[in-house]
Amino acid sequence: MAKIARGLAGVILTETRLSRVDGEAGELVIGGFLLDDLAPFALFEEALFLLWNDRLPNASELSTLREQMVSARTIHGITRTVLEKAAERNLPPMDALRIGVDTLSLQDADPYDNTRATNLRRAIAIAAAAPTIVATFWRLHEGKQPVEPDEALNHAANYLYMLTGEKPHPDAERGVETYLNTVIDHGMNASTFTARVIISTQSDMYSAIVGAIGALKGPLHGGAPGPALDMVFDLQKRVAESGNSISQEADAYVRQVVQADGRIMGFGHRVYKVRDPRADVLGRAAEKLFMGAGDTQLYEDARRVEKVVIQVLEELKPGRKLQTNVEFYTALLLHGVGLPTKLFSPTFAISRIGGWSANVLEQIDEGNLIRPRAAYSGELGRKWVPIEERAD
Ligand code: ACO
């Protein structure tokens, strides 16, 4: 029988020019740039252009993309209506984003056109509207009036503005910009694979992005940063009660979770067997933010917890090479810019829409149907028995 690649671990599906993940070296290349050379400097609009066009934009191209995105930021009545319903039902924000993105197809002028130009226009429209969907849902959920987008602001700053109604501090804006650039694409992860599978059947951009949002929602993929931060808060509470140090509390917590067969959120990765390079970029951005104006105690506690988690996991799970992943510092950075925990995963999706849509465009060019096989392990030779003759 053919060898089964469970979870498709190590299987190379295709070629991509979008990102290269080197799990052994702990290195991430996005559109030809080392992550460190791109994420802290680029506007998110530049990173989107890079993935969609395989080069950086010049000033006039950037300005055109900005205008296209600004005009696609405002959501229509039907989208607003479903977000009101989602808020009333207290749905998880990722569900609101999934439902909201689906409604964007109602505004598509030509849903049967599958040319590259139209698909790129769809990618721009979805990327532009996603922050408005999340912010509108969130404000409705919090019993507040949604804030209209501000066309003078860049994508990242406008997202913060629509959430809070206040123009963000430049450090917070830069923090979100760096975050969005850092997680925009990451090889053949589960949600990107989902988007590629969907478009490979010659389906459409909306279906691919909606499916990918569903895949990202799970805690083994994009749903971990909230719980990672909650762990640090929980440990701080234990310290206040016990008088122990946070390192002692973290040590006891990891042992307890691992003994119960649980997982420490924000640690371990299918591909990275050294520290996730995204954790470094986000860690530096978080440090800058927290040392500027934030809760330095939280930042320092998080660093202590991280150190202990890695040590204890190495002791309890030797050889598994469980290191800090992107989610741990995502949590710290996004908390530092003032985002509520429940918006961490949707903010991840707001960025990854860039990578998903670029992968969709690449997959359309490739033109292959993705269709693996499964080894049958069920019964054979069963005989049909009429219902009246079957045992109770
Ligand atoms: N805490 C405790 N133990 C862990 C952890 C963890 N975070 N991660 C892996 N392990 C253990 C497993 O229990 C397993 O132990 P065993 O060999 O005794 O059975 C071993 O390490 C290998 O685990 P796998 O699930 O086979 O590793 P895989 O590479 O498939 O898992 C994953 C990667 C899903 C990310 C895992 O490390 C995990 O669950 N981490 C916590 C959740 C998390 O942080 N998710 C975000 C990932 S980043 C992203 O997707 C953007």
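The values are calculated or read from the model by the stated rules, or taken from the named source; none is laboratory data. This structure is a prediction, so every number in the text was calculated from the model and none was measured. Counting neighbours? That spans all protein chains shown, and the Cβs are built from the backbone with ideal geometry, glycine included. Protein only, heavy atoms only, side chains kept; ligands, DNA and RNA dropped before computing areas. Shrake-Rupley method; radii C 1.70, N 1.55, O 1.52, S 1.80 Å.
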Do we find that R6 is within 16 Å of the ligand (Cβ to nearest atom) and among the basic types (K, R) in this structure? yes
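How many residues are at positive phi and open to solvent by 20 Å² or more (accessible area, probe 1.4 Å) when one looks only at the range 146-196? It would help to see each step written out before you state the result.
First, pick out the residues of the range 146-196 that are at positive phi: 165, 187.
From what's left, open to solvent by 20 Å² or more (accessible area, probe 1.4 Å): 165.
Of the residues in that region, 1 qualify.
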Residue pairs qualifying under the 9 Å Cβ cut-off, at least six apart or on distinct chains, with the first in the range 291-305 being among the aromatic types (F, W, Y) and the second being in a helix (DSSP H, G or I), are Y299/A286; Y299/E287; Y299/L289; Y299/F290; Y299/M291; Y299/L332; Y299/G336
Selection count where residues are assigned to a loop (DSSP other than H, G, I, E, B) and open to solvent by 30 Å² or more (accessible area, probe 1.4 Å), scope the range 203-221: 6
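For the range 52-60, does any single residue satisfy the condition of being buried (at least 16 other Cβ atoms within 10 Å of the Cβ), at pLDDT below 95 and not polar (S, T, N, Q)? Reasoning before the result, please.
Step one: filter the range 52-60 for residues buried (at least 16 other Cβ atoms within 10 Å of the Cβ), giving 52, 56-57.
Imposing the further condition that a residue be at pLDDT below 95 reduces the set to none.
No, the range 52-60 contains no residue that is buried (at least 16 other Cβ atoms within 10 Å of the Cβ), at pLDDT below 95 and not polar (S, T, N, Q).
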Taking the range 30-50 and keeping only residues that are open to solvent by less than 40 Å² (accessible area, probe 1.4 Å) and among the aromatic types (F, W, Y), one is left with F44, F49
The range 79-109, subset open to solvent by less than 70 Å² (accessible area, probe 1.4 Å) and not in a helix (DSSP H, G or I), residue farthest from A47 (Cα to Cα): L91
Quick one: which of G338, G354, G378 is open to solvent by 20 Å² or more (accessible area, probe 1.4 Å) and either within 13 Å of the chain's Cα centre (by Cα) or on the phi > 0 side of the Ramachandran plot (or both)? G338
Any pair with Cβ under 6 angstrom, 6 or more apart, that starts in the range 138-149 at a residue that is within 18 Å of R98 (Cα to Cα) and ends at one that is acidic (D, E): L140/E84
